Amino acid sequence: MNNILSKGVCGMFVVLSLAACADDNFADYQTEKPQNKAEYEYLNAYDALKTYIDRSANPNFKLGAGISVSDFLKKEQVYSLALSNFDEVTAGNAMKYASCVNDKGDMDFGNVSKFVTEAQNAGITIYGHTLAWHAQQNNKYLNSLIAGKEIEIDPDAANNFIKYTCGEAGANIWDKQATYILPTALEKGVDYTFRVDIKASDKYEKLEFWPIWSASPNKDEWGGSKDVQYLGAIKAPIGTEWSTHEWKFNTLYTLDKLQFVFGNFGGVICFDNLVLVKDGTEDNLIVNGDFAEESMDGWGNNWNGPSFEIDREGTAPAVYYVDQVDNGKMEVGKPMNSFIVREAGKGDVPGTILEGQGPDGKNCMSITSISGAVNTHDTQFFIVTNKEWNAGDKYKISFWYKATAEANSETQCHGTPGAYMHWAMLPQNPHFTTEWQHYEATSTIPAEGDGMKTIAFNLNVDKESSHTYYFADITMQSEEKGNVIPLTPEEKRDTLIWAMNNWVEGMMKATAGYVTTWDVVNEAISGGGDDGEGFYTLQSASDADGDAKNNFYWQDYLGNEDYVRIVVAAARKYYAENGGTAPLKLFINDYNLESDWDDNKKAKSLVHWIEKWEADGVTKIDGIGTQMHVSCYANAATQKSKEDHVVKMFEILAESGKLVKISELDMGYIDENNTSVKTENMTEAQHKAMAEYYKFIVKKYFEIIPVAQQYGITQWCATDAPGDSGWRGGEPVGLWDANYNRKHTYAGFVDGLAGK
């Protein structure tokens with residue numbers, strides 16, 4: 001789930017209660033007991049946690065703990081306590097992608113290898129966490145892999161310019177400046193014209209031009225010149241393409257330095273082709289204004305930066321084409337959102353794929369027009385593109401087409417499907433015959449289609465008769481210009497499959513067959529949406545909850561079904577190739593499976609998705625991990641609902657036939673006001689209520705999950721969380737308190753294990 005922090009809370013980062021644990025290894029270790037120690041004396045009678053598991057009933061059951069690998073490797077209290085109380089350990093962060101892969105893609109599994117060696121020597125197993133996840137990825141590296149192909153610039157045909165990198169935007173316009181010292185100061189009271197080409201990494205409207213007399217004797221109290229001529233902001237916004245900006249002015253001072261002011265911009269600003277002339281003359285007063293000599297003489301910045309350097313680009317941008325239609329080959333299992341069918345009086349529906357019925361065995365789709373139509377547009381086929389087109393944009397379109405009878409068609413510009421804009425779109429409307437034909441055209445978006453996204457085909461030109469129309473292999477490419485050519489979706493997919501395989505192979509080499517059980521995919525299921533079958537969608541950057549800036553959603557590039565299949569295949573392949581001989585068990589781990597607000601829909605969705613992933617007959621998911629970051633509620637009705645849905649979750653998971661693991665169990669407390677209670681404010685009654693809930697959860701696990709499906713339970717937060725913890729900070733989430741004394745929750749957990 002979340003990061004396990006270096007201090008406290010999750011995974012025994014602090015040493016746990018040793019005096020109260022009856023661990024022989026720590027017989028002399030003493031800790032301060034609670035003031036009300038009489039309430040806790042009964043805990044001394046309990047043995048170490050793992051002794052309460054009925055090994056005769058389930059010899060393979062794993063009682064686990066989340067740990068910090070760095071603490072484990074110290075081989076001190078945490079190490080010994082883990083060995084005394086648990087069968088298995090799960091690394092909080094050390095085995096995650098971002099912990100092992102740097103910004104350049106270099107992988108370092110040193111800590112992982114040490115962890116495996118020490119665990120192996122100690123005879124404790126490791127649960128692998130995690131091979132694939134959208135969080136804690138090295139986003140910088142992964143995004144660089146799919147950033148596009150930079151066009152190699154011919155040094156002899158390149159355009160040089162000066163580039164200023166601003167970093168974060170400041171609060172004031174003067175926070176960031178680019179400056180140029182004139183070789184010769186301007187004359188006072190003379191007319192000048194100044195022109196410059198500017199572009200930026202994003203749109204910017206507020207850049208200002210302030211020439212200054214820096215050598216003026218008229219200084220302010222900080223030593224700066226008061227003789228600044230504020231010539232104002234640019235008249236038109238700067239964009240990502242070069243634009244020319246001009247100021248005409250009469251000098252108020254003997255100006256000797258040019259200042260470009262852009263402190264409230266965050267990004268990159270570039271300058272080129274600077275020309276400053278005295279009116280009536282032709283001599284450029286700026287030396288090397290086109291930067292052909294690759295010199296930055298005279299250029300500088302203000303006290304705040306920004307950094308600057310000479311950069312170069314091709315003299316003319318490259319032309320390339322980007323397909324704006326998704327799944328134009330109409331592959332089964334991929335979204336058909338780009339293709340919509342409409343009949344008069346009926347709602348819009350996605351097109352239906354006909355496998356292998358197109359030209360040369362391609363897939364295609366069919367649309368049947370209505371008979372007796374009133375309008376030519378009573379039956380329409382829409383191609384919905386990924387781009388909002390501007391008038392004059394160049395495009396290439398191609399597709400295969402035929403019909404059951406000879407027929408004409410019309411094409412229109414629409415915004416969204418049905419949002420009519422213009423009666424004409426393609427340069428020539430398709431004429432259908434009963435044989436497959438290939439349509440191809442290069443044209444521009446008409447003026448009336450400015451802002452369009454959709455091409456509409458009107459298929460009721462023959463109003464009286466009903467025909468069936470077929471389309472296959474559809475592309476609509478936009479003409480683009482630039483020095484970086486974006487990767488196609490196929491190229492991104494291939495690149496990321498390589499990256500995922502490389503990562504999994506590296507991890508399997510580092511673990512050398514010792515780690516036999518893994519969270520193969522973590523937190524794949526979203527908490528909303530509809531996958532088309534009434535279940536939740538997968539997590540995605542496009543979801544409301546998707547954090548595209550801080551996360552990397554592999555599934556957005558690999559596909560919702562292939563994503564998991566790719567990782568599972570890689571895990572099994574590289575495990576076997578790197579010493580793995582015991583059966584490999586792969587789990588899908590997720591949270592909120594016990595949720596009552598959606599009546600366990602997420603648990604149902606996860607089981608549904610596992611069925612979809614396994615439908616290829618090759619992919620095998622062995623188990624389901626339920627995180628169970630739960631809370632005990634003071635409100636009796638609420639608590640009853642929570643308990644009922646814990647039971648429902650276990651029933652759903654049991655019915656799946658998969659192994660079931662409580663993977664990250666911890667607990668907080670919610671009072672009558674629906675407020676989370678901090679540890680310092682907890683009452684004895686509240687602690688005991690939490691113990692009962694622990695007992696309930698653990699006991700129900702053993703009652704409902706068949707023995708053959710009982711993989712194990714992992715306590716995620718062994719101690720209560722410190723106030724500064726990033727995970728449930730200050731909450732009573734542990735089985736031990738912050739002073740390492742056993743809590744009532746310890747007893748509840750034990751009683752659940754013992755079936756009391």
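Listed values, structure above:
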read-out: Residue list for region 379-413, restricted to those being within 32 Å of the chain's Cα centre (by Cα) and either assigned to a loop (DSSP other than H, G, I, E, B) or without any contact (Cβ under 8 Å) to a residue 60 or more places away in the chain (or both); value: Thr385, Asn386, Lys387, Glu388, Trp389, Asn390, Asp393
read-out: Failed criterion for Asn460 (all others in (1) modelled with pLDDT of 95 or more; (2) under 25 Å from Pro335 (Cβ atoms); (3) in a loop (DSSP other than H, G, I, E, B) hold); value: (2)
read-out: Top-ranked residue in region 471-498 [being assigned to a helix (DSSP H, G or I) and within 25 Å of Tyr439 (Cβ to Cβ); ranked as farthest from the chain's Cα centre (by Cα)]; value: Glu490
read-out: Candidate set from region 287-317 (those that are hydrophobic (A, V, I, L, M, F, W, C) and crowded, with 16+ Cβ neighbours inside 10 Å); member that is farthest from Asn172 (Cα to Cα); value: Phe291
read-out: Residue selected from region 174-194 under the condition over 22 Å from Asn302 (Cα atoms) and outside any loop (DSSP other than H, G, I, E, B), by the criterion nearest to the chain's Cα centre (by Cα); value: Thr193
read-out: Conditions (1) of a type outside the set (S, T, N, Q); (2) free of Cβ contacts under 8 Å to residues at least 40 places away in the same chain; (3) surrounded by 17 or more Cβ atoms within 10 Å (Cβ to Cβ); number of the one not met by Ala636; value: (3)
read-out: Set Val504, Val515: member being touching a residue at least 40 places away in the same chain (Cβ under 8 Å), touching a strand residue (DSSP E or B) at 6+ places or on another chain (Cβ under 7 Å), part of a loop (DSSP other than H, G, I, E, B) and closer than 15 Å to Lys573 by Cα; value: Val515
read-out: Every pair of residues 6+ apart whose Cβ atoms lie under 9 Å, when the first sits in region 35-60 and is hydrophobic (A, V, I, L, M, F, W, C) while the second is surrounded by fewer than 17 Cβ atoms within 10 Å (Cβ to Cβ); value: Ile53/Ala754; Ala57/Val707
read-out: Region 284-315, residues that are within 24 Å of Glu150 (Cβ to Cβ) and either part of a loop (DSSP other than H, G, I, E, B) or small (Gly, Ala, Ser) (or both); value: Asp290, Phe291, Ala292, Glu294, Met296, Pro306, Ser307, Gly314, Thr315
read-out: Yes/no for Phe262 being surrounded by 15 or more Cβ atoms within 10 Å (Cβ to Cβ) and within 17 Å of Val196 (Cα to Cα); value: yes
read-out: When residues of region 537-555 are limited to those that are in contact with a Gly (Cβ under 9 Å, 6 or more places away or on another chain) and not polar (S, T, N, Q), the one modelled with the lowest pLDDT; value: Ala544
read-out: Residue within region 709-729 that is part of a helix (DSSP H, G or I), touching a residue at least 24 places away in the same chain (Cβ under 8 Å) and within 28 Å of Asp54 (Cα to Cα) present; value: yes
read-out: Wholly enclosed helices (runs of 4 or more DSSP H) of region 72-137 bearing at least 1 residues over 28 Å from Ala569 (Cβ atoms) and assigned by TED's automatic domain parsing to the domain that holds Met507; value: 77-85, 110-122
read-out: All positions within region 110-155 that are hydroxyl-bearing (Ser, Thr, Tyr) and farther than 28 Å from Leu73 by Cα; value: Tyr141, Ser144
read-out: One residue from Lys199, Lys206, Lys219, Lys226 being in contact with a strand residue (DSSP E or B) (Cβ under 8 Å, 6 or more places away or on another chain) and either surrounded by 16 or more Cβ atoms within 10 Å (Cβ to Cβ) or among the β-branched types (Val, Ile, Thr) (or both); value: Lys199
read-out: Residue within region 315-322 that is over 19 Å from Trp210 (Cβ atoms) and in contact with a helix residue (DSSP H, G or I) (Cβ under 7 Å, 6 or more places away or on another chain) present; value: yes
read-out: Of the criteria (1) touching a strand residue (DSSP E or B) at 6+ places or on another chain (Cβ under 6 Å); (2) within 23 Å of Asp598 (Cβ to Cβ); (3) surrounded by fewer than 24 Cβ atoms within 10 Å (Cβ to Cβ), which one Asp666 fails; value: (3)
read-out: Selection within region 430-459 - of a type in the set (Ser, Thr, Tyr) and either outside the structural domain of Trp400 (by TED's automatic domain parsing) or surrounded by fewer than 22 Cβ atoms within 10 Å (Cβ to Cβ) (or both); value: Thr433, Thr434, Tyr439, Thr442, Ser443, Thr444
read-out: Qualifying position, being modelled with pLDDT of 95 or more, surrounded by 15 or more Cβ atoms within 10 Å (Cβ to Cβ) and within 13 Å of Leu142 (Cβ to Cβ), among Ala569, Ala510, Ala499, Ala524; value: Ala499
read-out: Qualifying residue in region 542-561 (condition: more than 23 Å from Arg493 (Cα to Cα), surrounded by fewer than 17 Cβ atoms within 10 Å (Cβ to Cβ) and touching a helix residue (DSSP H, G or I) at 6+ places or on another chain (Cβ under 8 Å)); value: no
read-out: Tally, over region 646-691, of residues that are more than 24 Å from Thr90 (Cα to Cα) and assigned to a strand (DSSP E or B); value: 3
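The values are calculated or read from the model by the stated rules, or taken from the named source; none is laboratory data. In this text, all values refer to a predicted model and were calculated from it rather than measured experimentally. Cβ atoms come from the backbone with ideal geometry, glycine included; neighbour counts cover every protein chain shown.
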